[in-house]
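See structure below.
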Amino acid sequence: RREVFEKIGLFDEEFDVCNDVELNHRIKAGGLKSFISPKLQVFLYPRATIQSLWRHMSRVGRGRFRFTQKHNIFSPLQWFAGAALLGLLVLAFLSLMSRPFFEVFRTIIAIYVLTVIGYSFYLYTREKRLSCLLYGPAVFVAIHFGLASGFLRALIDSLLKKRRPES
């Protein structure tokens, strides 16, 4: 309804993704409710390639960071994704210099790979689609690491921006 937009404002055009999340947050913060109707139809077209999925998820990660910054929200899951990726990168570097770090790194990667393959297999058995098994691992990696890298990149950009003197 028009009254909703008059009260909370329109979509924030600064967000190229996550604008629905941001709008719903303002609706809730404004004391209003939003509902999902079973009559609505949403068409989601999957990304054509793993690379385009990665790029999209990276944009989503950056959008999620901007959302948390705009509304001063701490989102543990988003921060965990960025911290996990940063931790893996540091651990990968340290594993080049130390066998114990290599063992920890290898174990974490093995657990992740087995989890992703296991869940892909679960989806295959549930959906009876071979594509779940064949492409599932690559899709999960693109989603997880794309999102984390976008969030981390936005965090780093934000920190660098704060350190630069105003012109």
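The values are calculated or read from the model by the stated rules, or taken from the named source; none is laboratory data. Quantities reported herein were computed from a predicted structural model and do not represent experimental measurements. Cβ placement follows ideal geometry from the backbone for every residue including glycine, while neighbour counts extend to all protein chains displayed. The accessibility values were calculated without ligands, DNA or RNA, using every heavy atom of the protein model including side chains. Shrake-Rupley method; radii C 1.70, N 1.55, O 1.52, S 1.80 Å.
Does residue 35 count as among the hydrophobic types (A, V, I, L, M, F, W, C) and more than 28 Å from residue 112 (Cβ to Cβ)? Yes; evaluated as a whole, the condition is true for this residue. Residues in segment 132-147 that are surrounded by 13 or more Cβ atoms within 10 Å (Cβ to Cβ) and among the aliphatic types (A, V, I, L, M): 133, 138, 139, 141, 142, 143, 147.
When 106, 129 are checked against the criterion of being open to solvent by 100 Å² or more (accessible area, probe 1.4 Å) and in contact with a Ser or Thr (Cβ under 8 Å, 6 or more places away or on another chain), 106 stands alone in meeting it.
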